[in-house]
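**Student:** If you scroll down you'll find the structure; I have some questions about it.
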């Protein structure tokens, strides 16, 4: 399987430029290896003494591993980056890239449960061997717990009514497949915008199942400890919940976006934004790869400031 078959890398040129690879030395991290599209280009620009560490918790990504002595694939969630990089003797990173999107392979593999187009088990786990599936989440949650998930991560209208509907349907018959879920909630789908509505529900369950926002928070906080002053942090996100966390952290060093300043009025934060507005895909890239339409790339550079908590 080629990386293009597994996943077409989004904002490839912009994200590589954002890393500012310089002479290609030092240690680098691709937090979301996937098909290896970004990693292969990074490696092509590294010097002989440069190293790249790719992280991916999806066992399917192992088949895309790169045969290069400068490359190491770590089969783990990126939230454990500091622990695994330490094992490999990494003291500091020159830069880190993360593409937070679900890969084309994951969307296009029916038994992963991510797709609206193909019926499959309602799983949604990035790693089948970890945690509970979306089907188990629905079965084991109260309607109140489901309501919180749908409101926070799906941003749907009337999450209370929707959660009650899902639980009522699951009490009659288990919701085990993607089609089971769609049938259970189709009366709530607004006319002409059904697919968007279903996508919001699927997104909410997927985020909860994989604790995606919690993992992102962990990664950003570790980036402060791992990236050396002058090093780059480049994050590609696909929905407002992710993008808001990234934007706030890059701007202020915290998720509440509380900006601290010294007595001279200068911002005290571990990163400074390289570009104020998110970089988006060109019309040409969107035409070639529709999944790039919602992508937002934010870039920051590590400052010399280190919060006391680090």
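Since every read-out is calculated from the coordinates, none of them should be taken as a lab result. All values derive from a computational prediction rather than experimental measurement.
**Student:** Restricted to Cα positions, what overall size does region 189-273 have along the principal axes? Three whole-Å values, descending.
**Tutor:** Each principal axis gives a Cα extent; for region 189-273 these are 55, 25, 18 Å.
**Student:** Which number do you get for Rg(Cα) / (2.2 N^0.38 Å) in region 110-210?
**Tutor:** Rg over 2.2 N^0.38 Å, computed on Cα atoms: 0.95.
**Student:** Then there's this: When the Debye formula is applied to the Cα atoms of the chain, each taken as the same point scatterer, what base-10 log of I(q)/I(0) results at q = 0.07, 0.13, 0.15 Å⁻¹?
**Tutor:** So the normalised log intensities work out to -0.29, -0.96, -1.21.
**Student:** Compare 215, 223, 18 in a GNM of the chain, Cα atoms joined below 10 Å, and give the one with the largest fluctuation.
**Tutor:** In this elastic network of the chain, the residue with the biggest mean-square fluctuation among 215, 223, 18 is 215.
**Student:** Would you mind computing the Rg to Rh ratio of region 169-236 from its alpha-carbon coordinates, Kirkwood style for Rh?
**Tutor:** Across region 169-236, the Cα-based Rg/Rh ratio is 1.23.
**Student:** Can I ask one more? For the chain, modelled as a Gaussian network with Cα springs under 10 Å, which listed residue fluctuates most, 186, 77, 210?
**Tutor:** Highest fluctuation of the listed residues: 186.
**Student:** If we restrict to alpha carbons, what Rg and Dmax does region 249-299 come to, in Å?
**Tutor:** For region 249-299, the Cα radius of gyration and maximum Cα-Cα distance read 15.6, 50 Å.
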